[in-house]
Structure formats: C-alpha cells, structure tokens
Amino acid sequence: MKLLKQITFTLLALVASYANAKPEYQSNDTETIIMKMIEAHGGYKKWSQAPSIRFDNVMHNNYHQKNQFAWWVAHEVIDQKTRQVYQEWPMDKAKIGFDGKEVWQQNWSKGNPPEFMAHFFYYFVNLPWLTQDDNVTLSNVEKFKWPGLDKEFYQIKMSFKDKATIGKSLKDYFILYIDPDSYLLTGYQYTVGYEPFLEVMGMKGKFEVFGPMWRIITKYENVNGLIFPSAFRTMPEADERIVGNHVILNIEIDKPFEYEKAKGK
C-alpha cells in the first residue's frame with residue numbers, strides 16, 4: 001500500500017509538472033508582451049482546446065528554378081495534443097503523414113524532406129500560440145523599425161532549448177515582430193537548422209542554418225474568435241524582393257483528428 005501511494009504521488013507530480021509547463025521568459029516585459037500578443041490573437045484556451053487545426057496552404061515559389069513547378073498546394077491537418085499530421089498535396093498527387101513516431105510519404109517528389117514539411121507551415125499558421133510550448137525560450141524585448149513601415153515594433157527572439165519537433169533543430173529560431181498598438185504578430189524572421197534540409201540546399205557543412213528569411217503578414221482571418229494569418233510574403237531581407245507568396249485558406253478548428261489517416265490508412 002505504501003509503495004502504491006508513492007507511485008501515485010509520483011505520477012500526480014509528473015502530471016502537475018506537465019500541466020504547469022511553460023516557456024522560459026528572459027524578462028517580465030517579455031512575458032507581458034507575449035501574453036498581450038496571444039490575447040490579441042484570440043487567447044490560448046480556445047486554441048489549445050481545438051481538437052485539430054486544418055487549413056489549405058498555397059504557396060507560389062518565386063525563387064524556383066527554370067522548368068520547376070512553382071506552386072506548392074497542400075491540405076494540412078494537425079492534431080493539437082500529439083502533433084500528428086496528415087497532408088494531401090493534390091497538385092503532386094502526394095501525401096505526407098506523421099503518426100507520432102515516424103513520418104511517411106506517398107509519391108512525394110519535391111526536394112524538401114517529408115520530415116521537414118510535416119510541421120513546417122503549422123508553425124507559420126500558429127506561431128503566436130506556439131510560443132507557449134515548454135521547449136521555448138523567449139528573449140528580452142527590443143525595438144525594431146521595419147524598413148518601409150512607419151512604425152517601431154516589439155522584437156522578441158523565440159528559440160528552442162530541447163525536444164526539437166519533427167523536422168526542426170535546436171538551431172532553428174524565430175524573431176517575432178509585434179505591433180505595439182494591436183499586439184498582433186505582424187512579421188518575423190525564421191531560420192532552419194535541420195540538417196537533411198541543409199543537405200538538400202547544398203549548405204550542409206558550410207552553414208549552420210538556412211536563413212534568416214523575413215516574412216510579413218499582410219492579411220488575417222478570424223476563425224471562431226481566433227486570429228490567424230491568411231496571407232504573407234517571404235523575403236531574403238525586410239522590404240526586399242519577394243521570393244514566396246502565401247495564402248492560407250479554409251482554416252478549421254472544430255473537427256476531430258482522423259488518426260487512421262496519420263498512419264497512412
């Protein structure tokens with residue numbers, strides 16, 4: 001009986017520890033601004049209670065090589081609790097899935113590794129809320145004036161301290177630019193340190209990360225009270241030439257996740 005009580009206490013302590021897990025803030029100002037950003041995007045509770053996040057992702061790659069198909073079109077579904085994934089790529093007649101342990105693919109022919117693609121756009125669509133993952137560190141607040149925009153933004157670096165998700169590395173980071181009036185996430189920089197992707201790009205052994213790339217959000221969509229980015233563009237530098245145009249369509253947050261699809265069934 002004594003051993004049973006001890007085991008029960010240990011399990012309860014672990015559950016409590018997980019429930020209270022939160023990112024590491026470098027200052028009180030950082031936490032205050034991040035919390036205001038999350039509230040501006042509809043709050044954390046509703047987002048975290050969504051059974052799945054699903055959306056259609058359309059990207060035109062302006063940086064493509066000659067004779068290469070420039071459109072990337074996917075229907076993506078991600079389970080909020082396990083981060084399992086199911087993707088359909090209709091223009092490529094391909095599928096990608098992540099069952100919680102392994103990534104699989106059917107007919108995938110693009111250069112980017114399927115593991116890299118599994119959570120790639122999930123981060124871009126859900127970045128304000130993903131600041132709350134327990135492997136995240138959020139830096140001190142700085143100020144930044146985005147070239148071409150007549151406003152100074154809050155700047156916070158989001159990096160990872162352990163447990164890198166599938167297709168990411170501990171070298172990845174985001175630099176968030178938050179509007180001081182609306183507290184919406186207006187833009188960000190991002191890097192990629194995932195070695196199989198660096199190898200595809202011919203950068204492995206030469207550079208630690210790909211990027212940073214700059215991205216500005218140009219349109220938002222209100223989905224049941226949550227504010228998601230619905231259009232953005234990617235640039236090699238702020239306010240420079242556009243190398244990628246993106247739209248996010250048909251965002252849904254109220255449907256259950258189909259676990260069998262994540263297993264390729």
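Rundown of residues vs (1) under 13 Å from the mean Cα position of the chain (by Cα); (2) under 29 Å from residue 84 (Cβ atoms), yes/no style:
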position: 141; (1), (2): no, no
position: 147; (1), (2): no, no
position: 150; (1), (2): no, no
position: 158; (1), (2): yes, yes
position: 163; (1), (2): no, yes
position: 171; (1), (2): no, yes
position: 188; (1), (2): yes, yes
position: 192; (1), (2): yes, yes
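Restricting the search to region 142-151, which residues are open to solvent by 100 Å² or more (accessible area, probe 1.4 Å) and either modelled with pLDDT of 95 or more or touching an Asp or Glu at 6+ places or on another chain (Cβ under 8 Å) (or both)? Explain how you work it out, then say what you get.
At the first step, the residues of region 142-151 found to be open to solvent by 100 Å² or more (accessible area, probe 1.4 Å) are 142-143, 145, 150.
142, 143, 145, listed by residue number.
Do the conditions hold for residue 107, that is, is it open to solvent by 50 Å² or more (accessible area, probe 1.4 Å), over 23 Å from residue 198 (Cβ atoms) and at pLDDT below 95? Spell out how you get there, then give the answer.
Values: open to solvent by 50 Å² or more (accessible area, probe 1.4 Å): yes; over 23 Å from residue 198 (Cβ atoms): yes; at pLDDT below 95: no.
Considered against the rule, which asks whether it is open to solvent by 50 Å² or more (accessible area, probe 1.4 Å), over 23 Å from residue 198 (Cβ atoms) and at pLDDT below 95, residue 107 comes out as no.
With under 14 Å from the mean Cα position of the chain (by Cα), surrounded by fewer than 20 Cβ atoms within 10 Å (Cβ to Cβ) and not in a loop (DSSP other than H, G, I, E, B) as the only criterion, which of 227, 175 stands out? Let's see the steps before the verdict.
Working: 227 fails: under 14 Å from the mean Cα position of the chain (by Cα).
Selected residue: 175, the only one of 227, 175 that is under 14 Å from the mean Cα position of the chain (by Cα), surrounded by fewer than 20 Cβ atoms within 10 Å (Cβ to Cβ) and not in a loop (DSSP other than H, G, I, E, B).
In region 191-216, what count of residues is obtained for those that are buried (at least 21 other Cβ atoms within 10 Å of the Cβ) and either among the charged types (D, E, K, R) or closer than 17 Å to residue 239 by Cβ (or both)?
Counting residues in region 191-216 that are buried (at least 21 other Cβ atoms within 10 Å of the Cβ) and either among the charged types (D, E, K, R) or closer than 17 Å to residue 239 by Cβ (or both) gives 2.
Which ones in region 238-265 are acidic (Asp, Glu), over 20 Å from the mean Cα position of the chain (by Cα) and open to solvent by 100 Å² or more (accessible area, probe 1.4 Å)? Show your work before the answer.
Taking region 238-265 as the starting set, the residues that turn out to be acidic (Asp, Glu) are 239-240, 252, 254, 258, 260.
Filter again for over 20 Å from the mean Cα position of the chain (by Cα), leaving 239-240, 258, 260.
Passing the criteria: only 240.
Restricting attention to region 193-224, which residues are assigned to a strand (DSSP E or B), free of Cβ contacts under 8 Å to residues at least 24 places away in the same chain and among the hydrophobic types (A, V, I, L, M, F, W, C)?
210, the sole residue that qualifies.
The values are calculated or read from the model by the stated rules, or taken from the named source; none is laboratory data. In this text the structure is predicted, and so the values were computed from the model without any measurement. Virtual Cβ from ideal backbone geometry, glycine too; neighbours counted across all protein chains shown. Just so you know, the surface numbers come from the protein's heavy atoms only, side chains and all, with ligands and any DNA or RNA stripped out. Shrake-Rupley method; radii C 1.70, N 1.55, O 1.52, S 1.80 Å.
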